[in-house]
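Okay, so here's the structure we're looking at.
The values are calculated or read from the model by the stated rules, or taken from the named source; none is laboratory data. Because the structure is predicted, anything quoted here is derived from the model rather than measured. For neighbour counting, all protein chains shown are included, and Cβ atoms are generated from backbone atoms with ideal geometry for every residue, glycine included. To get the accessible areas, we keep the full protein, side chains included, count just its heavy atoms, and leave off ligands, DNA and RNA. Shrake-Rupley method; radii C 1.70, N 1.55, O 1.52, S 1.80 Å.
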Amino acid sequence: QVQLVESGGGLVQPGGSLSLSCVASGSILSVNALGWYRQCPGKQRELVADITIDGSTNYADSVKGRFTISRDNAKNTVYLQMNSLKPEDTAVYYCRADVFAKFALTAKPYWGQGTQVTVSS
């Protein structure tokens, strides 16, 4: 079994910064791609950023230049540094990990429980 636990959400004023982290644990052989997604009420979940096992990154246009995704392979952890936050960044943020679990035949995606980020004055 694989678990993802996010931390670091909260309330911040516009222009401020927050850092999110997500740790994958359990019966893991390897963690491939990692990503952060977000969802606002009434909207579909959207990709914020993702990172491959070799460190290649991809960002949504709305966060380019403001957010930075990184990972620590030894700790099975992915981070999201969010700077210059805007009210429209308010959402529940979810991490996703493509994990090859022990005794599994293929890698599959796992999701965290989500952490609320609110940007408001």
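Numbers at a glance
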read-out: The chain - charge dipole about Cα centre, Lys and Arg +1 at Cβ, Asp and Glu -1, debye rounded to 20; value: 140
read-out: Accessible carbon and sulfur surface of the chain relative to its total accessible area, %, 1.4 Å; value: 51
read-out: Gained length - Thr52 relative to Arg66, 0.36 nm times residue gap less alpha-carbon distance; value: 3.1 nm
read-out: Qualifying chymotrypsin sites (Phe, Trp or Tyr not before Pro) in region 76-121, DSSP loop, other Cβ atoms within 10 Å at most 15; value: Phe103
read-out: Mean Cβ count within 10 Å, highest first, over the residues of peptides 38-47, 17-26, 112-121; value: 17-26, 112-121, 38-47
read-out: Summed side-chain charge close to Pro87 - residues other than Pro87 whose Cβ falls under 14 Å, Lys, Arg +1, Asp, Glu -1; value: +1
read-out: Computed label-point distance, nm, for sites Val5 and Gln113 using a 7 Å Cα→Cβ extension; value: 0.9
read-out: Length gained when the stretch Lys75-Leu105 is fully extended (0.36 nm per residue, less Cα-Cα span); value: 8.5 nm
read-out: Charge-dipole axis of the chain as Lys and Arg at +1 and Asp and Glu at -1 on Cβ define it, positive-most pick from Val119, Val12, Leu29; value: Leu29
